[in-house]
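Peer 1: Structure provided below as structure tokens; questions to follow.
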Amino acid sequence: MAGTVSSGPLPVARSGPQLELAVENADGVRLAMSVGAARVELCAALAETEGITPSIGTIEQACSQGLPVHVLVRPRPGNFVYEPGELDVIERDVAAALRAGAAGVVVGVLGSDSGPDVPAMRRIVAAARAVRPDAEVTFHRAFDAALGAGVDPAEALFRLQQAGVDRVLTSGGGTDCAAGMEMLARIVQQGRRSAPSVQIMAGGGVTLALVPSLLDAGVHAVHTSARPRHGNAGDSGVRAGAADPALAARMAAAVSAKKSMNEGLFLDGH
């Protein structure tokens, strides 16, 4: 795919934390708008596969709602090491999603050493910004697979900055954010040193109770599907098939409260 990688993402803004909702259709986008989310990640088959690339029709409909839509581009479930033909599909889907109106894309490719594949990601970033120069690129939880394989977080973040990625979605390498909380805080600190332009977005099993701790850890955004779990106490339970509007609103309020507090401290000069 033709195109040249831009000079890279801008330094992280000081506007405070944001909420991103994972959705599957235009109804989900409208819900995100109603609670004041900053953007959505649009995917297909979220419950069945943890997300794959949605159809172009779904993307176009979602993008017509007026909220920034970041499209998951993942051609299949499974690992994040792709054959050349699969990478070509990813590049084509990235370009198609942006032509359909997306503000950004969500991708993740790992190399033979289990770390982020910089050459492949550079190609994908170039394909995105050849269509839309201001397109945002998020590296999804393939990052957690890299951490699980023993890749150093600072090295992984540095690679993403080299590739021109704007943000990374991570649970801190744990099965969910509760398990990865300590590592998430470390990743935020390491990112400030090794990849200051890469935003850290916490995602994976985010509950309302976890939101304050995640924000205190310094993450730039919280990612959630706002689907409550059903199950017995002490059981991880099963995610509901659809977002709970009341839960989404409470999560948005928790993020907004932290953002307002940060802006107050900034205005006070602290």
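The values are calculated or read from the model by the stated rules, or taken from the named source; none is laboratory data. Keep in mind that what you see is a predicted model, and the values were worked out from it rather than measured. Neighbour counts are summed over all protein chains in view; Cβ atoms, including those assigned to glycine, are modelled from backbone coordinates with ideal geometry.
Peer 1: It is to be established whether one or more residues within the stretch 136-143 are of a type in the set (Lys, Arg), under 23 Å from Ala22 (Cβ atoms), in contact with a Gly (Cβ under 8 Å, 6 or more places away or on another chain) and touching a residue at least 40 places away in the same chain (Cβ under 8 Å).
Peer 2: Yes, the conditions are met somewhere in the stretch 136-143.
Peer 1: Could you check, for the stretch 106-129, whether at least one of its residues is within 25 Å of Val211 (Cβ to Cβ) and either surrounded by 24 or more Cβ atoms within 10 Å (Cβ to Cβ) or of a type in the set (D, E, K, R) (or both)?
Peer 2: yes
Peer 1: Another one. Can you find a residue that is over 18 Å from Met201 (Cβ atoms) and either modelled with pLDDT of 95 or more or in contact with a helix residue (DSSP H, G or I) (Cβ under 7 Å, 6 or more places away or on another chain) (or both) anywhere in the stretch 156-165?
Peer 2: Looking through the stretch 156-165, at least one residue is over 18 Å from Met201 (Cβ atoms) and either modelled with pLDDT of 95 or more or in contact with a helix residue (DSSP H, G or I) (Cβ under 7 Å, 6 or more places away or on another chain) (or both).
Peer 1: Is there any pair with a first residue in the stretch 89-107 that is over 15 Å from Asp134 (Cα atoms) and a second that is modelled with pLDDT under 95 and surrounded by fewer than 24 Cβ atoms within 10 Å (Cβ to Cβ) whose Cβ atoms are under 6 Å apart and which are 6 or more apart or on different chains, and what are they?
Peer 2: Listed by first residue and then by second, the contacts come to Glu91/Met1.
Peer 1: Another question, if that's okay. Run down Gly173, Gly191, Gly150 and say which single residue is modelled with pLDDT of 95 or more, under 17 Å from the mean Cα position of the chain (by Cα) and assigned to a loop (DSSP other than H, G, I, E, B).
Peer 2: Answer to the check: Gly173.
Peer 1: Can I ask one more? Across the stretch 131-155, what is the total count of residues that are closer than 22 Å to Glu41 by Cβ, of a type in the set (A, V, I, L, M, F, W, C) and surrounded by fewer than 20 Cβ atoms within 10 Å (Cβ to Cβ)?
Peer 2: Selection size over the stretch 131-155: 2.
Peer 1: Count, please, the residues in the stretch 55-96 that happen to be among the basic types (Lys, Arg) and exposed (fewer than 13 other Cβ atoms within 10 Å of the Cβ).
Peer 2: 1
Peer 1: Could you list, ordered by first residue, the pairs with Cβ atoms under 7 Å in which the first is in the stretch 36-57 and touching a residue at least 40 places away in the same chain (Cβ under 8 Å) and among the aliphatic types (A, V, I, L, M) and the second is surrounded by 14 or more Cβ atoms within 10 Å (Cβ to Cβ) and in a loop (DSSP other than H, G, I, E, B), at least 6 apart or interchain?
Peer 2: Leu42/Pro54; Leu46/Glu24; Leu46/Ser225; Ile56/Ala100
Peer 1: What about Ile200, is it among the aliphatic types (A, V, I, L, M), surrounded by 24 or more Cβ atoms within 10 Å (Cβ to Cβ) and either in contact with a Gly (Cβ under 6 Å, 6 or more places away or on another chain) or part of a loop (DSSP other than H, G, I, E, B) (or both)?
Peer 2: Answer is yes for this residue.
Peer 1: Cβ-Cβ distance below 8 Å, separation of 6 or more or different chains: which pairs start in the stretch 171-196 with a residue that is closer than 14 Å to Glu155 by Cβ and end on one that is assigned to a loop (DSSP other than H, G, I, E, B)?
Peer 2: Gly173/Gly180; Arg186/Gly172; Ile187/Gly172; Gly191/Val198
Peer 1: Sticking with this structure for a sec: Would you be able to tell me the number of residues in the stretch 144-170 that are in contact (Cβ under 8 Å) with a residue 12 or more places away in the chain, more than 28 Å from Ala103 (Cα to Cα) and of a type outside the set (A, V, I, L, M)?
Peer 2: Residues that pass the stated criteria total 2.
Peer 1: Oh, and also: Could you check the stretch 239-256 and list, in sequence order, the residues that are modelled with pLDDT of 95 or more and of a type in the set (Lys, Arg)?
Peer 2: Arg250
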